1. Report yes if Arg56 is buried (at least 19 other Cβ atoms within 10 Å of the Cβ), among the basic types (Lys, Arg), outside any loop (DSSP other than H, G, I, E, B) and assigned by TED's automatic domain parsing to the domain that holds Leu117, otherwise no.
2. Across the stretch 161-208, what is the number of residues that are of a type in the set (S, T, N, Q), surrounded by 17 or more Cβ atoms within 10 Å (Cβ to Cβ) and within 16 Å of the chain's Cα centre (by Cα)?
3. Being assigned to a loop (DSSP other than H, G, I, E, B) and either touching a residue at least 24 places away in the same chain (Cβ under 8 Å) or small (Gly, Ala, Ser) (or both) is the filter here; which residues of the stretch 150-167 pass it?
4. Go through the residues of the stretch 194-201 one by one and say whether even a single one is among the hydrophobic types (A, V, I, L, M, F, W, C) and in a loop (DSSP other than H, G, I, E, B).
5. Can you tell me which residue in the stretch 59-88 is nearest to the chain's Cα centre (by Cα), limited to those that are in contact (Cβ under 8 Å) with a residue 40 or more places away in the chain and surrounded by fewer than 19 Cβ atoms within 10 Å (Cβ to Cβ)?
6. Yes or no: the stretch 122-134 includes at least one residue that is surrounded by fewer than 22 Cβ atoms within 10 Å (Cβ to Cβ), among the small types (Gly, Ala, Ser) and either in contact with a helix residue (DSSP H, G or I) (Cβ under 7 Å, 6 or more places away or on another chain) or modelled with pLDDT of 95 or more (or both).
7. List every residue pair whose Cβ atoms lie under 8 Å apart, where the two residues are 6 or more positions apart in sequence or sit on different chains, the first residue falls within the stretch 38-52 and is at negative phi, and the second residue, located anywhere, is part of a helix (DSSP H, G or I) and basic (Lys, Arg).
8. Take the residues of the stretch 137-149 that are in a helix (DSSP H, G or I) and within 14 Å of the chain's Cα centre (by Cα): which is nearest to Ile177 (Cα to Cα)?
Amino acid sequence: MNDDLYARTTRNRLEIADFLESLPPGQWTAETLCKGWTVRHMAGHFVQPMLISFGRFFLTSIRYRGNTAATADHFARTLANRAPTDLISLLRQHALDRLDPPRVGPIGPFAETCIHLRDIARPLNLEADARQEDWLTLLRYLTGDRVAPALLPAGRLDGLRLVATDADWQHGNGAAINGTMEALTMAITGRQAALHDLEGPGVETLRD
């Protein structure tokens, strides 16, 4: 299972590098769905796990009182000072790196290649997207028994039934939320913009 995830993560990183290379310079300063981050910050975030060791990340987090999000923001902004061409090159150079972060494991880096790609593409109205099988893998993980709180807070899906409109997949009991696997994944991981692409009585519950 892990070998498959690593291979798909490598493939996605290389495709993201191609996607970033296709963007005109002006779009590197565009806002993403990650509040406060531009495309350039996101490119820095893509390479952060490969360039910043866990030990360095942990020591830096002490400055931010253990706040993982604030520490990640620090490194995204630091790495974003590099030229876009350097960030793209680094992503390609480290595409094969196998990461196994604490608490989340290989699914974490894999999830980021799917979700953060859409964090960039959605606001720019671009079609760049992960594969259907990748979204299905993520949905199965996110609705499983051992999901990492960093990816999906506990209780967020209580009383909701997720129904994919582009695959034979559904999960849960309660108020239905219907939409593509991409929109479902983006919405349940906190992307408010994706709620507009969903239908059903459970949408307002998820929004709240």
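The values are calculated or read from the model by the stated rules, or taken from the named source; none is laboratory data. Here the structure is a predicted model, which means the values were calculated and not measured. Neighbour counts are summed over all protein chains in view; Cβ atoms, including those assigned to glycine, are modelled from backbone coordinates with ideal geometry.
1. For Arg56, the condition - buried (at least 19 other Cβ atoms within 10 Å of the Cβ), among the basic types (Lys, Arg), outside any loop (DSSP other than H, G, I, E, B) and assigned by TED's automatic domain parsing to the domain that holds Leu117 - is not met.
2. Here the count works out to 2.
3. First pass over the stretch 150-167, keeping only residues assigned to a loop (DSSP other than H, G, I, E, B): 150-159, 165-167.
Hits for the stretch 150-167 are Ala150, Leu151, Leu152, Ala154, Gly155, Arg156, Leu157, Gly159, Asp166, Ala167.
4. yes
5. This residue is Thr68.
6. First pass over the stretch 122-134, keeping only residues surrounded by fewer than 22 Cβ atoms within 10 Å (Cβ to Cβ): 122-129, 131-133.
Checking the rest, the ones that are also among the small types (Gly, Ala, Ser) come to 128.
When the remaining residues are screened for being either in contact with a helix residue (DSSP H, G or I) (Cβ under 7 Å, 6 or more places away or on another chain) or modelled with pLDDT of 95 or more (or both), the result is 128.
Yes, some residue in the stretch 122-134 is surrounded by fewer than 22 Cβ atoms within 10 Å (Cβ to Cβ), among the small types (Gly, Ala, Ser) and either in contact with a helix residue (DSSP H, G or I) (Cβ under 7 Å, 6 or more places away or on another chain) or modelled with pLDDT of 95 or more (or both).
7. Pairs found: His41/Arg77; Gly44/Arg77; Phe46/Arg13.
8. Leu139
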